[in-house]
Amino acid sequence: MSTTQQPVIKCSSLYKIFGDNTQQVIQKNDGKIDVTELREAGCVVGVNDASFEVYEGEMLVVMGLSGSGKSTLLRCISRLTDTTAGEIFINGDNILEMSAKELIELRRNKMGMVFQSFALLPHKTVLENISFPLQIKGHSTKDAMQRAMDMIKLVDLTGRENYYPRQLSGGQQQRVGIARSLAVEPDIWFLDEPFSALDPLIRKEMQDEFLRLQAALHKTILFVTHDFDEALRLADRIAIMKDGVIEQIDTPANIVLNPATEYVRKFTADVPREKVLKIESVMEEIGNLTEADLSDFQVPCDAIIETVAEKVLSESKPVAVVDQQNNIVGVLNCHTVIHMLFGENQVANA
């Protein structure tokens, strides 16, 4: 992810402390945040010195166990919860300095939100639920309905536009919530555990749908989940939280390969790496190898290891790794794949 552009979201030294004594303790310390002292005073630290940036079109997945602070962080950034200290910038504007009117305009025109609770209006049809926020914004009924129909098609609910929420499955209701959020064409999309209430099969289908939508729409997304497999599947980068602290923020591959803390290592210990890592994460430099030294079979650098492992293992020569322009950017050897699939012992015996 390029850092030459201005970030869409930027958080600097963000804190959220819960407790009646919070301001009293902070004032006692001349405005400084002393987390240890705040906890001793009975305060709860929801977010602890969070600093990060999210760039246009990036999906940052914030994950952690219950109580880790992930949802609190999202609510602070959307200003659904007031922060205790720090700065939050959206497209360069400090939203903590915005008036109530400016904040309403920001949410209406730039932000979309989807939560675990579908919050559909039971007395309105699918079409009416999706068009409702557009009508609130002042769109004509005709334009709002047309936009809603476009969103219904996008989330594959054509034919159910006149159904009521009670007539839909959980997955279909979630699609309505997503369509309603997308109808206002947000630049930034906040999603807090949007699939956690769904059964595993529907959840997988919704993840597939979500990836399809993101590939088409390229939204800037902050996605909260407690499910590490979901985070690995969806994220461009992952922020892992514990007790309000961001333990590590990195690409899925780097988090799996290079956990920064013992807590992160425990999260990654049982992850089947071949299902997560892309070829580019484990390929080696081509070095002095020539075309004659390489197999005729080639693999794309962004392929998941699992999808090409069997074919690579059947080759007697190293396999060339190519980029989107079909240029050779590295090689993949059998021993690397064996290591990913089985671990160190098998590599030693290979």
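The values are calculated or read from the model by the stated rules, or taken from the named source; none is laboratory data. Everything quoted here is computed from the prediction, not taken from an experiment. Quick reminder, even Gly has a Cβ in these numbers, built from the backbone with ideal geometry, and neighbours come from all protein chains shown.
Worth pointing out:
- Within the range 105-114, the set of residues being part of a strand (DSSP E or B) and not small (G, A, S) comprises M111, M113, V114.
- Residue list for the range 146-163, restricted to those being of a type outside the set (K, R) and under 30 Å from the mean Cα position of the chain (by Cα): Q146, A148, M149, D150, M151, I152, L154, V155, D156, L157, T158, E161
- Within the range 148-188, being of a type in the set (V, I, T) and in contact (Cβ under 8 Å) with a residue 24 or more places away in the chain holds for I152, V155, V176, I178, V184, I188.
- Residue selected from the range 253-290 under the condition assigned to a helix (DSSP H, G or I) and small (G, A, S), by the criterion surrounded by the fewest Cβ atoms within 10 Å (Cβ to Cβ): A253
- Residues that are over 14 Å from G19 (Cβ atoms) and under 16 Å from the mean Cα position of the chain (by Cα), drawn from the range 69-86: G69, K70, S71, L73, L74, R75, I77, S78
- Residue check for S117: part of a loop (DSSP other than H, G, I, E, B) and either basic (K, R) or buried (at least 17 other Cβ atoms within 10 Å of the Cβ) (or both): no
- Exactly one residue among S196, S181 is buried (at least 19 other Cβ atoms within 10 Å of the Cβ) and hydroxyl-bearing (S, T, Y), and that residue is S181.
- So I152, is it modelled with pLDDT of 95 or more and of a type in the set (V, I, T): no
- Residue match in the range 39-53 (condition: touching a residue at least 12 places away in the same chain (Cβ under 8 Å), outside any helix (DSSP H, G or I), surrounded by fewer than 17 Cβ atoms within 10 Å (Cβ to Cβ) and aromatic (F, W, Y)): no
- Residue among I240, I246 that alone is more than 23 Å from L341 (Cα to Cα), in contact with an Asp or Glu (Cβ under 8 Å, 6 or more places away or on another chain) and part of a strand (DSSP E or B): I240
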